[in-house]
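Undergrad: Mind having a look at this structure? Questions to follow.
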Amino acid sequence: MVVQSEPALDQFIRTCKPSTQFFTGIPTIDLTHPDANSLLVKACEEFGFFKVINHGIPLQMVNELEEQALSFFQLPQVVKEKAGNPRPFGYGNKRIGQNGDVGWVEYLLLSASPDFIHQICLSLFPDNPHVFSSAINNYISKVKKMGEQVLEMMAEGLGIEDERVFSRLIKDEKSDSCFRLNHYPPCPELELEMSGRNLVGFGEHTDPQIISVLRSNNTAGFQISLSDGTWVSVPPDHNSFFINVGDSLQVMTNGRFKSVKHRVFADHTKSRISMIFFGGPPLCEKIAPLPCILQGGGECLYEEFTWWEYKQAAYKTRLSDNRLGHFAKTNTNIVQH
Ligand SMILES: C=C1C[C@]23C[C@@]1(O)CC[C@H]2[C@@]12CC[C@H](O)[C@@](C)(C(=O)O1)[C@H]2[C@@H]3C(=O)O
Ligand SMILES: O=C(O)CCC(=O)C(=O)O
Ligand SMILES: [Fe+2]
């Protein structure tokens, strides 16, 4: 067994313009609002990111998972490691992916399948796997439904006849969706903000899947990149969900929806916990700009690929790489913000 040493603290530090102010322009979509469909489309075109309220997800269930996640991350390292190596699924600490990225974060990365989750919980807690596995599985089943609803509203907002054109990919029993619990411990050794230095929790990247549904506790640190390339801090809201457009949805909408670049800075006093459902298509699914979108005019920007092909290529890249570049048609000039 190869035992990797901990990355040194200076590997997590980035000097950035201090952005202590929160951005107030994040679109907030009330899912029960009569204009929600078109507002969703607008948010996906402008930001590839929005906040969802009136989502119908019981907060008690969300809080239950947060409590369970906190207890998990408080366990001794040797116990957490019983979840196995995070490549492909398991417990990871400070190393993200397999290409040298590091972050001030520990995490549990799981396939979203209930049986798989139960098996991992059984390895972690052989005497009582149910408390943790039910908390995760109940949460995923609700958040997945909400993600599907949002995808159907997006399709309607785009005027697509088949409202299930996006959601069917996540609904499919072979959907390759995953789930991640992230814990960014505080780092009191560093008085970061004071000196314009930041501790990178999760470096800048886009999510490869269709959509990501994110919920965090009330600790700040999440940032998105706007279309002009400026980074802004997203005000945390533990009662709401944030949705990211992923690379695959950008491709299906032929670049109309933007796969949002985002990152997380860790705090020096408060810990941050986040839980993210990544809705991905079945591995054999062909991803390409939808014919109904192309009918509206404009050249086709992407080559067709299967999700398996995209995943293979994506998982060879570093976090901040532009993964879609590889599948862009060569005669086009796509800017990834
Ligand atoms: C550096 C990497 C980590 C990642 C796989 C990759 O090679 C590039 C994409 C990364 C990402 C970002 C969104 C999700 O957190 C994730 C699970 C995914 O599907 O793509 C991670 C991958 C990971 O942590 O393994
Ligand atoms: O932890 C967060 O808030 C976001 C992390 C993230 O972007 C990811 O896991 O892909
Ligand atoms: Fe992400």
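Laboratory data are not the source of any read-out in this text; all were calculated from the coordinates shown. Predicted, not measured: the structure shown is a model, and the values here were computed from it. Here the Cβ positions follow ideal geometry from the backbone for every residue, glycine too, while neighbour counts run over all protein chains shown.
Undergrad: Convert each backbone phi in region 277-291 into a coupling constant with the Karplus relation 6.51 cos²θ - 1.76 cosθ + 1.60 (shift: θ = phi - 60°), then list the ³J(HN,Hα) values in order as whole Hz, x for Gly and Pro.
TA: Residue by residue, region 277-291 yields 9, 9, x, x, x, x, 4, 7, 5, 7, 10, 7, x, 5, x Hz.
Undergrad: Name the residues whose placed amide hydrogens come within less than 5 Å of the amide hydrogen of F241, ignoring near sequence neighbours (fewer than 5 apart) on the same chain.
TA: HN-HN under 5 Å from F241: V52.
Undergrad: Would you be so kind as to identify which of F278, P58, Q149 lies farthest towards the positive end of the dipole of region 29-327, taking Lys and Arg as +1 and Asp and Glu as -1 on Cβ and the Cα centre as origin?
TA: Farthest towards the positive pole: F278.
Undergrad: Could you give the longest part of the chain that holds none of the trypsin sites (Lys or Arg not before Pro) found in DSSP loops with at most 16 neighbouring Cβ atoms within 10 Å?
TA: It works out to 1-163.
Undergrad: Along the charge dipole of the chain, Cβ charges K/R +1 and D/E -1, which of G84, P235, H33 sits furthest on the positive end?
TA: Final value for the positive-end residue is G84.
Undergrad: Pull up all non-local amide H partners of I96: gap of 5 or more, or a different chain, and H-to-H distance under 5 Å with H placed in the peptide plane.
TA: Close amide H contacts, sequence-distant or interchain: D101, V102, G103.
Undergrad: Remind me, relative contact order of the chain in percent, using alpha carbon pairs under 8 angstrom and six or more residues apart?
TA: Relative contact order here is 21 percent.
Undergrad: In addition: Taking 7 Å along the Cα-to-C-beta vector as the label spot, tell me the A288-D237 distance in nanometres, rounded to one decimal.
TA: Taking the two extended label points, one gets 3.9 nm.
Undergrad: What number comes out for the charge environment of I57, summing +1 per Lys or Arg and -1 per Asp or Glu over other residues with Cβ under 9 Å away?
TA: Computed value for this residue: +3.
Undergrad: Which lysines does K145 reach when only Cα atoms under 17 Å apart count, and residues fewer than 8 places away in its own chain are ignored?
TA: Those lysines meeting the cut-off are K51, K171, K174.
Undergrad: Still on this structure: Tell me, how many Å apart are the Cα centres for region 159-220 and for region 260-337?
TA: Using only Cα atoms, the two centres lie 13 Å from each other.
Undergrad: Please report the net charge: other residues with Cβ closer than 12 Å to the Cβ of S227, K and R +1, D and E -1.
TA: Summing Lys/Arg as +1 and Asp/Glu as -1 gives -1.
Undergrad: Only Cα pairs within less than 10 Å get springs; with that Gaussian network setup on the chain, which residue of Q223, Q295, Q209 has the largest fluctuation?
TA: Most flexible of the set in this elastic network: Q295.
Undergrad: Starting from the amide H of T219, placed 1.01 Å from N in the peptide plane, find each other amide H under 5 Å away whose residue is 5 or more places distant or on another chain.
TA: Amide H neighbours of T219, under 5 Å, 5+ apart: I273.
Undergrad: Can you tell me the length gained on complete extension of the stretch E303 to N85, counting 0.36 nm per residue apart and subtracting the Cα distance?
TA: Here the answer is 75.2 nm.
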